[in-house]
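Data first, discussion second: the structure below is written as structure tokens.
All of the numbers you see were taken from the coordinates with simple rules; none came from a lab. The shown structure was predicted, so the numbers you read here are calculated from the model rather than taken from an experiment. Using ideal geometry, Cβ is built from the backbone for each residue, glycine included, and neighbour counts are taken over all protein chains shown.
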Amino acid sequence: AQSVAQPEDQVNVAEGNPLTVKCTYSVSGNPYLFWYVQYPNRGLQFLLKYITGDNLVKGSYGFEAEFNKSQTSFHLKKPSALVSDSALYFCAVRDAGSSNTGKLIFGQGTTLQVKP
Amino acid sequence: DGGITQSPKYLFRKEGQNVTLSCEQNLNHDAMYWYRQDPGQGLRLIYYSQIVNDFQKGDIAEGYSVSREKKESFPLTVTSAQKNPTAFYLCASSIVTGDIQYFGAGTRLSVL
């Protein structure tokens, strides 16, 4: 069965410092991985995805994520955090070779708090 | 949230009442989804539709119903059988199932 885990409910970081939001996954085949961000009382916005190729994926708003197959991880990173990055972040996965409909499985979400 | 419109933004349900949440997209996407979001539980899939006139149950379909008569529309009805309907409901669409999903702004449903 597919699953995704975000081990931290909340991450706190000072503005200007690097940030990391962790995600680990489990699929039977090759993964398709996604990161989304949600601001209060809004829908989710797509940040980036990994399908294949380069393990370092660059996305919107200066975010990037590193795919690590041996550790089954897809951590979200940003070199210098902004207060405006404070939001709820979701990791999602699907099995690339799944014979089902290819539904996305979402993690529980991690709240990122960037303090000035 | 561009391209996907959810209405209303806030909705109140009386006990025993069915209510319908609207979701419309102008992205020409084949696939559409409904999720329920509760604090600390992430997103849970209620129903999804891969193509018009077709839909499948997600992980928590009990107490909900949907229709997909038009490509651009995927309304969700919360029936009286759903005993704990208070939540934030999100609609999404994608070009095909499993691709990047684009979300609406959500509907917050509360019980009176």
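Which cross-chain or sequence-distant (5 or more) residues have an amide H under 5 Å from the amide H of B:Leu21, H modelled 1.01 Å from N in plane?
Distant-sequence amide H within range of B:Leu21: B:Leu76, B:Thr77, B:Val78.
List the lysines whose Cα lies under 28 Å from the Cα of A:Lys69, skipping any in the same chain that are fewer than 8 positions away.
Qualifying lysines at Cα under 28 Å: A:Lys22, A:Lys49, A:Lys58, A:Lys77, A:Lys78, A:Lys103.
Say R0 is 35 Å: what FRET efficiency, to the nearest 0.05, do A:Glu64 and B:Arg108 get from their beta-carbon distance?
Working: r = 32 Å, r/R0 = 0.93.
Once the sixth-power term is evaluated, E becomes 0.60.
Please give the charge dipole size of region A:1-82, origin at the Cα centre, charges +1 on K and R Cβ atoms and -1 on D and E Cβ atoms. Round to the nearest 20 debye.
Details: 7 positive and 6 negative charges, 32 e Å.
It works out to roughly 160 debye.
Can you find, among B:Thr79, B:Tyr64, B:Tyr47, the residue sitting farthest towards the positive end of the charge dipole of chain B, where Lys and Arg contribute +1 and Asp and Glu -1 at Cβ?
Ranked along the dipole, the leading option is B:Thr79.
Karplus couplings for region A:81-86 from phi (6.51 cos²θ - 1.76 cosθ + 1.60, θ = phi - 60°), rounded to Hz, Gly and Pro as x?
6, 10, 4, 5, 7, 4
Within region B:1-25, find all residues whose amide N lies under 16 Å from a label point positioned 7 Å from the Cα of B:Ile95 along Cα-to-beta-carbon.
Hits in region B:1-25 for B:Ile95 at 16 Å: none.
Kindly write out, for region B:64-72 in residue order, the coupling ³J(HN,Hα) from the Karplus curve 6.51 cos²θ - 1.76 cosθ + 1.60 (θ = phi - 60°), rounded to whole Hz, with x marking Gly and Pro.
For region B:64-72, the Karplus-derived couplings read 10, 9, 9, 9, 9, 7, 10, 4, 8 Hz, x marking Gly and Pro.
Once Lys and Arg get +1 and Asp and Glu get -1 on their Cβ, which of A:Gly43, A:Ala14, A:Ser86 lies farthest toward the positive end of the dipole of region A:3-115?
Positive-most Cα among the choices belongs to A:Gly43.
Residues in region B:38-78, backbone N under 18 Å from the label point at B:Ser22 (7 Å along the Cα-to-beta-carbon vector): list them, ranges by number please.
Answer for region B:38-78: B:66-78.
With Kirkwood's inverse mean 1/r over C-alpha pairs for Rh, give me the Rg to Rh ratio of the protein assembly as shown, two decimals please.
Working: Rg = 17.6 Å, Rh = 18.1 Å.
When Rh is taken as the Kirkwood radius, the ratio is 0.97.
If we count other beta carbons within 10 Å of each Cβ, what is the order of B:Glu24, B:Glu69, fewest first?
On the way: B:Glu24 18, B:Glu69 9.
Fewest to most other Cβ atoms nearby, the residues stand as B:Glu69, B:Glu24.
Give me a single rounded figure for A:105-113: the average over its residues of other chain Cβ atoms within 10 Å of their Cβ. List each step's numbers first, then the result.
Details: counts 4, 8, 2, 4, 6, 0, 0, 0, 0.
Taking the mean over all residues of the peptide, I get 3.
Ratio of region A:1-72's C-alpha Rg to 2.2 N^0.38 Å, to two decimals? Mind dumping the intermediate values first?
Numbers: Rg = 13.2 Å, N = 72, 2.2 N^0.38 = 11.2 Å.
Working it through for region A:1-72, the quotient is 1.18.
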